[in-house]
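Novice: Can you keep this structure in mind? I'll have questions shortly.
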Amino acid sequence: MINLDQQSVVLGSTPSSKEAAIEAVATILVNNGCIAPGYIESMKKREVVANTFLGNGIAIPHGLPEHRELIHKTGIAVLQVPGGVAWNPGESATLVIGIAAKSDEHIEILTNLTRLLDDSATINELSSATTADIIIEALSGQRRPVPEKAPVLDLDGFQSITETISGEHGLHARPATFLIEIAKQFEAEILVEHDGQAANGKSLASLLKLGVTKGKTIRIHAKGSDAVDALNQLKNAIESGLGETAEESNGIQVAHGWQPQSVAKTIPGINASPGLACGVVRQYVHERIIVEANAKDPDYEKNRLKQAVSAAKENLKNLHDEVRAKAGAAKAAIFQAHIAFLEDPELHAEVNELINSGRSCGFAWRQVIDDRVHALELHNDPVLAGRAMDLRDVGRRVLKHIAGTLHDQPFIPDEPVILIAEDLTPSDTAALDPALILGICTAGGGPTSHSAIIARSLGIPAIVSAGPAVLGIADHTLAILDGDSGNLYLQPSAADQESAELARRHLETLRNSEYETRFEPALTTDGHRIEVVANIGKVEEAEQAVNAGGEGVGLLRTEFLFLGRETPPDEEEQYQHYTAMLKSLNGLPMIVRTLDIGGDKEVSYLDLPAEDNPFLGERGIRLCLNRQELFLSQLRAIYRASKHGPLRIMLPMVSSIEELLAAKVLLEKARIETGADQVEIGIMVEVPSAAVMADVFAREVDFFSIGTNDLTQYVLAIDRLHPTLAAQADSLHPAVLRMIDMVVKAATEAGIWVGVCGGLAGEPLGAAILAGLGVKELSMVIPSIAAIKARLRTMTIAEARELAAKALSCQTIKQVRALQQP
């Protein structure tokens, strides 16, 4: 660790402002040879984009990542301000600890610092100390902080059990989410105790702060009428592993055996996803999010926050479904944990407290998230520390729905690149297009991070923990990334480029073939065609779908226009969005799903009552029929847009023929009012009643599109986002497949076609079975298009039908997934 000495501590300072305090502590670092003078300005700029106040009088100013080249060596400086200096409104810093981090040598001091955060007596002693030795000892770990009074946990009336956490990475986000979802089913008050600290058993952030690692013991305390049942359920869950399963293998990894002979520089990291990437680098920069500090109307701010959180939840549910389709339930589970963060009662209580004090919802949200992120980042266990990125991801997702942003564009490079980043959130990684991202190298993170897991699932070579040196690499620098060895090689020789490229091609022949043939139709070897189209939810995704080989859009989620705002979009705004998408598709068809929204989403202008089970309540077509002006406005916009390209209309969550007939009356009214031509009308088949009565519905519509995600949860009575049951909500369940078979047969009899727009369509085995069942169109997330088209080209339709017949005869999901594909 670094040496914190007398020259690094200044006592009794009286800076006039936060800026003066930052300059004073930075000057200590300059004088000690740690930083160049230019880094002082970087430390000031950091305060504009991030709050470095930890709490309890401690602030830790540091510079921006892009200025790390101004750091000569890692160092720490301490500015003691006995009288305090205003850091943010209502926050005063008495210990200003400046950080120049060229490596991770400062982590031990920061870890010691976090142990002091809840120890007011020691902080007060350090803030008024007359010698530097006391501060040096406390921050260097030479003495342990002693609380004024040992905390006593009042367990009067509680019943308790003791359990050992056996998961490989302890009580991290996914198993903790599993635990709290069980705890939330009971009225009992539940506490989890570890190492003298207690946490709310229904709060994800509170549990993570305990830092429970593999093999550690926890005590669970419960009090209430159902306390015994709660403890029994929690005991069983912990002993069963809290839903943790070993990460699935991605198949046989071919050892490339390549090594460079002549490169300008080698930057070592940790291998996170295998494979070779050869190309130019590109630095990834997050958009900057701007929020107002103060607000006058707390109730208005709380309502804004509810809407933003609701919109973020919807984003996460869609992302969960997309990642699950690409990578399976285990890898998608992190987004369930993200939803749990959004529902954390302690987090919302802290945010509301700040709002009540006059803060804006954006400022309050960011402040609370930043505090919790800091606490996680400095944790001793690297896996738990890595969860800070997950919480930061959740925080930014909500802020985007509240605040104005700069550079708020999706990361879409104009050529294939090796991506360099300080770190990537899970949703950053999941949104990457493997066709344009050759490899990923991050300064931080770890091989067990969720971003690394998702990179592996996408087949993108990746290196993590390569250190800050990678952030100084100029864009367009030629490099070779070796995800097997964990090294990044800069400016390789021509011979190395050639040999690495040969090795890469050997490893990725199949993927390249899929991408290169993405525009070819999905024709089976005996000439049977299946249309492969995209699920999208944003204007810019229409063009992305075409570039990825999509033959149109099979599902446009229109909810993106209605969430995260104070008033609904008017007809003109909707018309402009739909028209822009059709023009981007350049003649390819688009299916527009009308508004699918309900009580599970916070939409202030709809004033929807809270529902015990919103998935069984007023949502989809039910809501639209009850809010006819809202529905007609959307229908008029859709019909007007239909004049600019081939468009179909699809109604969601139809469960009765009465709903369909009522909707068709409004559809015709809107068509006549706009003077539009007839368009094809279809329904989503996603509730069992629609599937069972498919023969009746088929006489009234032009097509069916089966939403396998919702159909699965309704057929199996399992919430597809349930942390403890979601892995069982598998669309390859024989009951779901038999339901799909029923729908296809009814449609064939009536002479209409059937598509599938759920996650099953984007899964190789699922796509093959669906083709065999007679599904004509498969709609999926954009990154899956090329691979699914290539997969379908390898079989005959007879082989697909034989596979489907075998699947229908299976009794379990396991039997279906064990089927050998043709």
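Novice: Can you spot the lysines whose alpha carbon is less than 27 Å from residue 216's alpha carbon? Ignore those fewer than 8 places along the same chain.
Specialist: 149, 184, 202, 235, 331
Novice: Another question about this same structure. Based on the Cα gyration tensor of segment 500-656, what are the three equivalent ellipsoid semi-axes, each the root of five times an eigenvalue, rounded to whole Å and given largest first?
Specialist: So the equivalent ellipsoid measures 36, 18, 16 Å along its semi-axes.
Novice: Expected output is a single nm value to one decimal: the length gained when fully extending between residue 506 and residue 225, i.e. 0.36 nm times separation in residues minus the C-alpha distance. What is it?
Specialist: The span from residue 506 to residue 225 would gain 94.8 nm if fully extended.
Novice: So, by mean Cβ neighbours within 10 angstrom, what's the order for 693-699, 53-59 with the highest one leading?
Specialist: 53-59, 693-699
Novice: Shifting gears a bit: How high is the FRET efficiency from residue 303 to residue 197, r the C-beta distance, R0 51 Å, rounded to 0.05?
Specialist: Between residue 303 and residue 197 the formula returns 0.90.
Novice: With a sphere of radius 13 Å drawn around the Cβ of residue 654, what net charge do the other residues whose Cβ falls strictly inside it have (Lys, Arg +1; Asp, Glu -1)?
Specialist: Net of charged neighbours comes to -2.
Novice: Right, something else. Which residues' amide hydrogens lie under 5 Å from the amide hydrogen of residue 753, considering only partners 5 or more residues apart or on another chain, with H built in the peptide plane?
Specialist: So residue 753 has HN proximity to 704.
Novice: Given 0.36 nm per residue, what is the gain on full extension from residue 812 to residue 538 after removing their alpha carbon distance, in nm?
Specialist: Extra length available between residue 812 and residue 538 comes to 94.9 nm.
Novice: At 7 Å along the Cα-to-beta-carbon direction for both residue 262 and residue 668, put a label point, then send me their distance in nm to one decimal.
Specialist: 7.9
Novice: Using a 7 Å offset from the Cα along the Cα-to-Cβ direction at both residue 605 and residue 159, what is the distance between the two label points in nm, to one decimal?
Specialist: Computed distance between label sites residue 605 and residue 159 equals 5.1 nm.
Novice: When the dipole is taken about the Cα centre of segment 733-822, and only Lys, Arg (+1) and Asp, Glu (-1) are charged at their Cβ, what size is it in debye, to the nearest 20?
Specialist: Approximately 160 debye in magnitude.
Novice: Relative to the compact-globule scaling 2.2 N^0.38 Å, provide the ratio for the alpha-carbon radius of gyration of segment 6-61.
Specialist: Output field value: 1.12.
Novice: Related question: Can you list residues from other chains, or at least 5 along the same chain, whose modelled amide H is less than 5 Å from the amide H of residue 707?
Specialist: 685, 686, 757
Novice: Under a crude label model (7 Å from the Cα following the beta-carbon direction), how far is residue 750 from residue 805 in nanometres?
Specialist: In this crude spin-label approximation the distance works out to 2.7 nm.
Novice: Which whole-Hz ³J(HN,Hα) couplings does segment 562-569 yield from phi under the Karplus relation 6.51 cos²θ - 1.76 cosθ + 1.60, θ = phi - 60°, glycine and proline marked x?
Specialist: Each residue of segment 562-569 in turn: 9, 9, x, 8, 8, 9, x, x Hz.
Novice: Let me ask another. What does the net charge come to around residue 502 if you take all other residues with beta carbon closer than 15 Å to its beta carbon, with K and R at +1 and D and E at -1?
Specialist: Every neighbour counted, the sum reads -3.
Novice: Oh, and also: Run down the aspartates and glutamates and flag those whose C-alpha is under 14 Å from the C-alpha of residue 45, throwing out any fewer than 8 positions away in its chain.
Specialist: Of all the aspartates and glutamates, those that pass the test against residue 45 - Cα under 14 Å, at least 8 places apart if same chain - are 19, 23, 66.
Novice: Right, something else. Name the long-range amide H neighbours of residue 553: under 5 Å, sequence gap of 5 or more, or other chain; modelled H, no Pro or chain starts.
Specialist: When sequence neighbours closer than 5 places are left aside, the close amide H contacts are 534, 590, 591.
Novice: Multiply the residue separation of residue 130 and residue 19 by 0.36 nm, subtract the distance between their alpha-carbon atoms, and state the gained length in nm to one decimal.
Specialist: Stretched out fully, the residue 130 to residue 19 stretch lengthens by 37.5 nm.
Novice: Additional query: Below 17 Å, Cα to Cα, which aspartates and glutamates can residue 265 reach? Residues fewer than 8 away in the same chain don't count.
Specialist: 69, 475, 482, 496
Novice: Let me ask something else about it. Taking a 28 Å limit on the Cα-Cα distance, which of the listed pairs 745/806; 643/776; 223/317; 583/669; 44/214; 538/664 fall beyond it?
Specialist: 223/317; 44/214
Novice: Please turn the phi angles of segment 274-282 into ³J(HN,Hα) values with the Karplus equation 6.51 cos²θ - 1.76 cosθ + 1.60 (θ = phi - 60°), one per residue in order, whole Hz, x for glycine and proline.
Specialist: Once rounded to whole Hz, the list reads x, x, 10, 10, 10, x, 8, 8, 9.
Quick note: the coordinates plus some simple rules give every number you see, no bench work behind them. The shown structure was predicted, so the numbers you read here are calculated from the model rather than taken from an experiment. With ideal geometry, Cβ positions are generated from the backbone for all residues, glycine too; neighbour counts draw on all protein chains shown.
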